[in-house]
Amino acid sequence: MLSVQDLNITFTLYDRGLAQKQLTVITQLDLDVKAGEVVAVVGASGSGKSLLAHAILGILPDNAQVSGKMLFKGEPLTLNRCQDLRGKAIALIPQSIGYLDPLMQVGQQVQRTAQLSGLSRPAAKAAVDRTFARYRLAAIVQRLYPFQLSGGMARRVLVSTAVVSQAELVIADEPTPGLHPDVVTETLNHLRELASEGKGVILITHDIEAALQIADRVAVFYAGTTVEIAHAQDFSNNKIRHPYTQALWRSLPQNEFIPISGSQPTPEALPDGCLFSDRCPWVTQECQLERPPFLQVRGAPVRCIHADR
Amino acid sequence: MQLGIAAFMLRKLLRLALLLIAVAIFSFVLISLSPIDPIDAYVGADMLQISPEQRDIIAQRWGLDQPMMTRFILWLRQLASGNLGTSIIFNQPVSTVIGSRFQTSLQMLAIAWLLSGALGLAMGVVAGARAGSWLDRAIRFYAYTLAASPTFWVALLLLLVFSVSLKITPICCATPPGVLTKDVTVWQRLHHLILPAATLSLIGVANIALHTRQKLIEVLNSDYVLFARAQGESLVGIIRHHGLRNIILPALTLQFASLSELFGGSVLAEQVFSYPGLGKATVEAALRSDVPLLVGIVFFSALFVYTGNLIADLTYQIVDPRIRIGKSS
């Protein structure tokens, strides 16, 4: 359904006075999502997860230049096509209630979403009623303002926005930050349900455990690039390929609980070779020469020349 | 919620009482210490015809021989019973003068207020939506220039252009000279207040336009607008559904709070156009040492500005759901 290949995003910034500088925040990023599938995108803050979502929706700021290939249903996603598709075929589930207008009743906002997706006013109203009922939101909730919602209600309202739009591709950007475990599970189940209905779901998160609960595949981002796109079961089967993915997995409390030393390189100071080379236990001279291409190792793509060992 | 508003109003009324007491003390002390001699002001040009004995009789009659504290209490008692005294220059009770003068000013102030509010909001929205464009620059240039221009200067400029050169507006006053008040038509009144109202609007626009622009830019950079864009909302749709909703409250507050500037501006504008409103009465009262009228106007303007601020605060209480519902639940 969606395929992103070799995506690069560069921002033009004013450095000092009128001198401009180019800041490449996403390099060689790849991702693909099929219908009926949940693909989790995991990575630390600043690894380019949200930017990818904004790029797919065509809502990056004006000073961003995008290169590379983005295909939606086989057709290139140009800026014009993004404008036509967003809210209709592609929907975003935002992080928090802060993404709703604080002065507008939530029912009205979700109805507006439905109308933007092409429904008439009565049809949109019916869709809101139906969706709120589906997520066990009482009719009265429609007349509440965002600040009146509880954490769980807020999540369900936000998921509702994606459901009323009838979108085929749903991008959930960090939908579970700081929530009660029950609410996290509930939200994740809602996303899984959407995939079962045949939608493609991208779950952006830094919580690898949450991702593994529902994802079919997991794309691991590091410093603006995709280092590996693993199958979900690869993690527990000890088949994960990239040293960064392995380090992430080991750092979980229920595993070895060993943190990775060092930190992700900033966009101003990216290494010339492999982006992970300065923290990698397997690093060799070869790694520092050029960025590793995608290699198929044990049935999945990985950006590491030593992954097959 | 009803209780909340009632408590709010009670608190505000208490503050108003404190404010008025402070105004009373300050104006009394300042006037007492000023070089204005009340008897000179009252007698005026007939000064040479009265003897010192007669002066003493007037002073005794008015209680001017009493100590300051006693005079203050006597005056306060009269004030509390609603007696603001008699205007020396108009020879009428102060409350009557203020009432009739304010009525003349009111139409002009109301038109200026509405016009500057609507125009300023529209300019602010356009500038904010197209931030950085030449249109935005032009609007900001206009706003900064007008905000820095003295009211009387703008008034004189308009007078020169429209009354002197183009001759399409009257040169002074609220009604055509030589016409009885009962024969003046509504159109003639409007024709006369158009320039003073325009002066105040042109200047009043600056504040609200700049504020609205800033607020709209803030809204356009918010997370909820990003989400609206992700849903396919256009710029016009964003302004219609989210922009106006979020900028109208602060704009209303600002516009009500700007009543003080409007009142201050009217003093200058009415002077230039010889428009016989409250602003012009203020200047006359000050120039001709009409202390009762001046103090009356001080009280009235304090009340006027306070009411503006009160309405501004009250709109938030009633309109913003976060305050309206958030407080009660």
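The values are calculated or read from the model by the stated rules, or taken from the named source; none is laboratory data. Computed from a predicted model, the values in this text were never measured in an experiment. Here the Cβ positions follow ideal geometry from the backbone for every residue, glycine too, while neighbour counts run over all protein chains shown. We work out accessible area using only protein heavy atoms, side chains counted, and drop any ligands, DNA or RNA first. Shrake-Rupley method; radii C 1.70, N 1.55, O 1.52, S 1.80 Å.
Identify the trypsin sites (Lys or Arg not before Pro) of the stretch A:102-153 meeting these criteria: DSSP loop state and at most 14 other C-beta atoms within 10 Å of the C-beta.
Numbers: sites: A:Arg112, A:Lys125, A:Arg130, A:Arg134, A:Arg136, A:Arg143; in loops: A:Arg136.
Sites meeting the loop and neighbour criteria: A:Arg136.
Can you compute the charge dipole magnitude of chain A about its Cα centre, using +1 on each Lys and Arg Cβ and -1 on each Asp and Glu Cβ, nothing else charged? Give it in debye, rounded to the nearest 20. Spell out each step's value before the answer.
On the way: 29 positive and 29 negative charges, 176 e Å.
So the magnitude is around 840 debye.
Tell me the trypsin sites (Lys or Arg not before Pro) within the stretch B:120-180 that lie in a loop according to DSSP and have at most 12 other beta-carbon atoms within 10 Å.
Numbers: sites: B:Arg130, B:Arg137, B:Arg140, B:Lys167; in loops: B:Arg130, B:Lys167.
Here the sparse-neighbourhood loop sites are B:Lys167.
For chain B, what is the Kirkwood hydrodynamic radius in Å, using each pair of distinct C-alpha atoms? Could you put the intermediate results ahead of the total?
On the way: mean 1/r = 0.0433 Å⁻¹.
The answer is 23.1 Å.
Can you work out the accessible area per residue across the stretch A:1-142, with the rest of the protein chains kept in place, probe 1.4 Å, in square angstrom?
Details: 6200 Å² over 142 residues.
With all protein chains present, the stretch A:1-142 gives 44 Å² per residue.
Name the most mobile residue of A:Thr226, A:Thr187, A:Thr266, meaning the one with the largest mean-square fluctuation, in a Gaussian network model of chain A with Cα contacts below 10 Å.
A:Thr266
In whole angstrom, note down how far apart the Cα centers of the stretch B:51-66 and the stretch B:235-280 are.
Computed from Cα coordinates, the inter-centre distance equals 48 Å.
On C-alpha positions alone, give me the angle between the axis of helix B:259-273 and the longest principal axis of chain B, in degrees, nearest 10.
In chain B, helix B:259-273 runs at an angle near 60 degrees to the longest axis.
Excluding residues on the same chain fewer than 8 positions from A:Lys88, give the aspartates and glutamates whose Cα lies under 15 Å from its Cα.
A:Glu168, B:Glu233
So in chain A, what percent of DSSP beta bridges are antiparallel if you round to the nearest 5? Provide the component values of the computation, followed by the final result.
Working: 30 of 49 bridges.
Approximately 60 percent, going by the DSSP bridge assignments.
Please compute the alpha carbon radius of gyration of the stretch A:84-186, then divide it by the globular-protein estimate 2.2 N^0.38 Å. Two decimals is fine. It would help to have the intermediate numbers written out before the result.
On the way: Rg = 12.7 Å, N = 103, 2.2 N^0.38 = 12.8 Å.
Against the compact-globule rule of thumb, the ratio is 0.99.
Based on alpha-carbon positions alone, could you give the equivalent ellipsoid semi-axes of chain A from the gyration tensor, as √(5λ), descending, whole Å? Before the final figure, lay out the partial values.
Numbers: eigenvalues 242, 102, 64 Å².
The answer is 35, 23, 18 Å, longest axis first.
Can you give the charge dipole size of the protein assembly as shown about its Cα centre, rounded to the nearest 20 debye, using +1 on the beta carbon of Lys and Arg and -1 on the beta carbon of Asp and Glu?
Details: 53 positive and 46 negative charges, 261 e Å.
Computed about the Cα centre, the dipole is about 1260 debye.
Accessible area per residue of the stretch A:153-209 at 1.4 Å probe, in Å²? Provide the component values of the computation, followed by the final result.
Details: 1770 Å² over 57 residues.
Value returned for the stretch A:153-209: 31 Å² of accessible area per residue.
With +1 assigned to the C-beta of every Lys and Arg and -1 to the C-beta of every Asp and Glu, and no other charges, what is the dipole magnitude of chain B about the Cα centre in debye, to the nearest 20? Write out the running numbers ahead of the final one.
Details: 24 positive and 17 negative charges, 230 e Å.
Approximately 1100 debye in magnitude.
Out of all DSSP beta bridges in the protein assembly as shown, what portion is antiparallel? Express it as a percent rounded to 5.
Working: 31 of 50 bridges.
Roughly 60 percent of the beta bridges in the protein assembly as shown run antiparallel, per DSSP.
On the protein heavy atoms, probe 1.4 angstrom, tell me the percent of accessible surface of the stretch B:97-290 carried by carbon and sulfur. All intermediate terms of the calculation are to be shown ahead of the outcome.
Working: 6240 of 9080 Å².
Ligands and nucleic acids excluded, carbon and sulfur give 69 percent.
Counting only helical runs of four or more DSSP H residues, what would the 222 nm mean residue ellipticity of chain A come to if each run contributes -39,500 (n - 2.57) and the total is spread over all its residues? List each step's numbers first, then the result.
On the way: 9 runs with 91 residues, N = 309.
So the helix-based figure for chain A works out to -8500 deg cm²/dmol.
With chain A treated as a Gaussian network of Cα nodes joined by springs under 10 Å, which of A:Gly36, A:Gly17, A:Gly152 yields the largest mean-square fluctuation?
Judging by the Gaussian network model, the answer is A:Gly17.
Using only Cα atoms, find the angle between the long axis of helix A:151-164 and the longest principal axis of chain A, and express it within 0 to 90 degrees, rounded to the nearest 10.
Rounded to the nearest ten degrees, it is 90.
Among B:Ala281, B:Ala6, B:Gln60, whose Cα projects farthest towards the positive end of the dipole of chain B, with charges put on the beta-carbon of Lys, Arg (+1) and Asp, Glu (-1)?
B:Ala6
How tilted is helix B:68-80 with respect to the longest principal axis of chain B? Cα atoms for both, answer in degrees (0 to 90, nearest 10).
On a 0 to 90 degree scale, this one is about 60.
With the Cα gyration tensor of the stretch B:45-109 giving a ≥ b ≥ c as the square roots of its eigenvalues, does the rule (a/c under 1.5 for rounded; else a/b larger than b/c for prolate; else oblate) give rounded, prolate or oblate?
Numbers: a/c = 3.91, a/b = 1.53, b/c = 2.55.
Verdict is oblate for the stretch B:45-109.
If you roll a 1.4 angstrom probe over the protein chains with everything in place, what fraction of the accessible area of the stretch B:39-96 belongs to carbon and sulfur, to the nearest %?
Numbers: 2330 of 4250 Å².
Its accessible area is 55 percent carbon and sulfur atoms.
Check each of the chymotrypsin sites (Phe, Trp or Tyr not before Pro) in the stretch B:1-59 and keep only those in coil by DSSP with at most 12 other C-beta atoms within 10 angstrom; list them in order. Can you show the working numbers first?
Details: sites: B:Phe8, B:Phe26, B:Phe28, B:Tyr42; in loops: none.
The qualifying sites: there are none.
If I compute solvent accessible area with a 1.4 Å probe over the protein chains, what percent of it on chain A is carbon and sulfur? If you can, show how the numbers build up before the last one.
Details: 6750 of 13320 Å².
Ligands and nucleic acids excluded, carbon and sulfur give 51 percent.
Count charges around B:Arg140 for me, please; just the other residues with Cβ under 13 Å from its Cβ, Lys/Arg as +1, Asp/Glu as -1. The partial results should precede the final answer.
Working: positive: B:Arg130, B:Arg137, B:Arg213; negative: B:Asp136.
Charge balance in the 13 Å sphere: +2.
What residues does the stretch B:225-247 have that are buried by at least 20 Å² of accessible area in the full protein assembly compared to the chain on its own, 1.4 angstrom probe?
B:Leu226, B:Phe227, B:Arg229, B:Ala230, B:Gln231, B:Gly232, B:Glu233, B:His241, B:His242, B:Arg245, B:Asn246
Which of B:Gly128, B:Gly120, B:Gly82 ends up with the largest GNM mean-square fluctuation for chain B, with Cα atoms connected below 10 Å?
Its mean-square fluctuation being the largest, the pick is B:Gly82.
How much accessible area is lost when chains B and A come together, counting both sides, with a 1.4 Å probe, in Å² rounded to the nearest 100?
Numbers: alone 18940 and 14410 Å², together 31130 Å².
Interface between B and A: roughly 2200 Å².
Strictly over 19 Å apart at the Cα level, which of A:Lys49/A:Lys239; A:Lys73/A:Lys125; A:Lys69/A:Lys239; A:Lys34/A:Lys69; B:Lys182/B:Lys280; A:Lys199/A:Lys239 would you flag in this model?
Details: A:Lys49/A:Lys239 24 Å; A:Lys73/A:Lys125 29 Å; A:Lys69/A:Lys239 29 Å; A:Lys34/A:Lys69 17 Å; B:Lys182/B:Lys280 22 Å; A:Lys199/A:Lys239 28 Å.
Going by Cα-Cα distance, A:Lys49/A:Lys239; A:Lys73/A:Lys125; A:Lys69/A:Lys239; B:Lys182/B:Lys280; A:Lys199/A:Lys239 fall outside the 19 Å limit.
Among the residues of the stretch A:48-78, which ones have their accessible area go down by 50 Å² or more when all the protein chains sit together, as opposed to their chain alone (1.4 Å probe)?
With the partner chains in place, the stretch A:48-78 has these residues losing at least 50 Å²: A:Ile59.
Find the accessible area per residue for chain B; the probe is 1.4 Å, ligands and nucleic acids are left out, and the unit is Å². Working shown, then result.
Numbers: 17810 Å² over 329 residues.
Computed with neighbouring chains in place, this is 54 Å² per residue.
When N counts the residues of the stretch B:97-290, how does its alpha-carbon radius of gyration compare numerically with 2.2 N^0.38 Å, as a ratio? List each step's numbers first, then the result.
On the way: Rg = 19.7 Å, N = 194, 2.2 N^0.38 = 16.3 Å.
Here the answer is 1.21, to two decimals.
When the C-alpha atoms of the protein assembly as shown are aligned to their principal axes, what extent does each axis show, in angstrom, from largest down?
120, 56, 52
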